[in-house]
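Presented below is the structure to which this report refers.
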Amino acid sequence: MFDNTLIMDFETTGLNPFHDTIIEIAAKKFRSPDNYSTLVKSKNKLDTKIVEITKITDKMLEEDGISPRSAAHGFGKFIQNSFDLSKPLFILAHNGNSFDFIFFKNIINKFEFELDIRYIDTISVSKFVNPRLFSHRLATLCHPNIYNVANETAHRAMSDVTTTEKIFEKMIYRRFTSIEDVYNKIEFIC
């Protein structure tokens with residue numbers, strides 16, 4: 001029903017998915033402890049605004065980061081080992097349509113295997129489930145009056161992934177029977 005579902009998030013050197021690069025990858029299999037997380041080295045120094053938002057520093061990337069190639073390879077191995085690639089892979093991200101999915105599409109060009117991907121932006125799910133909400137930002141959905149989910153380290157990739165998972169779980173509760181049902185109902189919501 002929801003077994004071939006991946007939740008992911010990227011932290012990057014900026015907000016432009018066509019010019020900026022990934023500095024952190026996090027991904028998790030929905031309703032499973034299986035996950036992948038890594039910092040990614042950057043050729044350029046981080047802008048102070050990005051450091052402020054993510055709390056990721058150049059020193060952290062230098063000491064704990066791996067090369068973009070190694071990060072993409074590790075991410076690909078995680079997907080291969082955790083999912084049934086003979087079936088469609090449903091990929092969830094909050095604000096995925098205008099951000100994460102664009103970065104992901106650049107990464108999958110490096111994979112040595114084919115994927116049948118179905119993208120689900122959890123903002124679209126929120127618009128479907130919460131049509132009266134003014135904002136569908138992750139921070140808004142975390143609010144105690146909405147889904148009451150704590151995001152302890154917002155704008156760190158794995159924290160955003162687990163927060164997205166918790167909110168998605170609450171949004172789909174008693175509304176959808178399968179991940180295919182979610183995908184079919186929100187496919188054209190922007």
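For the chain, what does the alpha-carbon gyration tensor say about shape, rounded, prolate or oblate, given a ≥ b ≥ c as the root eigenvalues, a/c under 1.5 as rounded, and a/b over b/c as prolate? Walk me through the numbers on the way to the answer.
Details: a/c = 1.87, a/b = 1.25, b/c = 1.49.
Here the chain falls in the oblate category.
Which of the chymotrypsin sites (Phe, Trp or Tyr not before Pro) found in segment 65-160 are in a DSSP loop and have at most 11 neighbouring Cβ atoms, other than their own, within 10 Å? Mind dumping the intermediate values first?
On the way: sites: 75, 78, 83, 90, 99, 101, 103, 104, 111, 113, 119, 128, 134, 147; in loops: 83, 111, 113, 134, 147.
Sites meeting the loop and neighbour criteria: 113, 134.
Enumerate by residue number the trypsin sites (Lys or Arg not before Pro) in segment 79-143 meeting two conditions: DSSP loop (anything except H, G, I, E, B), and at most 11 other Cβ atoms within 10 Å of the site's Cβ.
Here the sparse-neighbourhood loop sites are 132.
Indicate the gyration tensor shape class of segment 82-123 (rounded, prolate or oblate), computed on the Cα atoms with a ≥ b ≥ c the square roots of the eigenvalues: a/c under 1.5 is rounded; otherwise a/b larger than b/c is prolate and the rest oblate.
oblate
For segment 19-72 and segment 127-184, compute the distance between their C-alpha centroids and round to whole Å.
The two parts, judged by their Cα centres, are 23 Å apart.
Local charge sum around residue 100 (other residues, Cβ-Cβ under 15 Å, Lys/Arg +1, Asp/Glu -1)?
-2
Using 0.36 nm times the number of residues separating residue 15 and residue 1, minus their current alpha carbon distance, what extension gain do you get?
Stretched fully, the residue 15-residue 1 segment lengthens by 1.7 nm.
Can you spot the aspartates and glutamates whose alpha carbon is less than 16 Å from residue 43's alpha carbon? Ignore those fewer than 8 places along the same chain.
11, 20, 24, 58, 62, 63, 64
Within 10 Å of each residue's Cβ, count the other Cβ atoms and sort 13, 164, 140 from fewest upward.
Lowest count first: 140, 13, 164.
May I ask you to derive the FRET efficiency for residue 143 and residue 58 from their Cβ-Cβ distance with R0 = 30 Å, giving the value to the nearest 0.05?
0.35
Can you bin segment 25-90 into rounded, prolate or oblate? Criterion: square roots of the alpha carbon gyration tensor eigenvalues sorted a ≥ b ≥ c, rounded for a/c under 1.5, prolate for a/b above b/c, oblate for the rest. Don't skip to the answer; put the middle values down first.
Numbers: a/c = 2.96, a/b = 2.13, b/c = 1.39.
Prolate.
Between residue 109 and residue 49, what is the label-to-label distance in nm when each label sits 7 Å out along the Cα-to-Cβ direction?
2.6 nm
By counting other Cβ atoms within 10 Å of each Cβ, how are 178, 126 ranked from fewest to most? Please report the intermediate quantities before stating the final value.
Working: 178 14, 126 25.
Ordered by Cβ neighbours within 10 Å, fewest first: 178, 126.
Magnitude of the Cβ-charge dipole of the chain, K/R +1 and D/E -1, about the Cα centre, nearest 20 debye? Can you show the working numbers first?
On the way: 24 positive and 25 negative charges, 77 e Å.
Charge dipole, the chain, about its Cα centre: 380 debye, nearest 20.
A 21 angstrom limit on the alpha carbon distance is what I want to check against. Which of 28/77; 29/166; 49/170; 105/170; 77/110; 29/105 exceed it?
As for pairs spanning more than 21 Å Cα to Cα, those are 49/170; 105/170.
Over segment 1-108, what relative contact order in percent results from Cα pairs under 8 Å that are six or more residues apart?
After rounding, I find 32 percent.
On full extension of the chain, what length is gained from residue 159 through residue 189, given 0.36 nm per residue of separation minus the C-alpha to C-alpha distance?
On the way: separation 30, 0.36 × 30 = 10.80 nm, distance 2.57 nm.
Roughly 8.2 nm would be gained on extension.
What 222 nm value per residue comes from the helices of the chain, counting each DSSP H run with n ≥ 4 as -39,500 (n - 2.57) and dividing by all residues, nearest 500 deg cm²/dmol?
-11000 deg cm²/dmol
Over segment 5-186, what is the mean sequence separation of C-alpha contacts under 8 Å (at least six apart), divided by residue count, expressed as relative contact order in percent? Intermediate values should be presented prior to the final figure.
Working: 266 pairs, mean separation 44.1, N = 182.
Dividing the mean separation by the residue count of segment 5-186 yields 24 percent.
Below 13 angstrom from the Cβ of residue 137, what's the summed charge of the other residues (Lys, Arg +1; Asp, Glu -1)? Mind showing how you got there, number by number?
On the way: positive: 127; negative: 121, 160.
Result for the local shell: -1.
Nearest 5 is fine: what % of DSSP beta bridges in the chain come out antiparallel, could you say?
Once the DSSP bridges in the chain are tallied, antiparallel ones form about 55 percent.
Values in this text are rule-based calculations from the coordinates and carry no lab data. Because the structure is a prediction, the values reported are computed rather than measured. Neighbour counts are summed over all protein chains in view; Cβ atoms, including those assigned to glycine, are modelled from backbone coordinates with ideal geometry.
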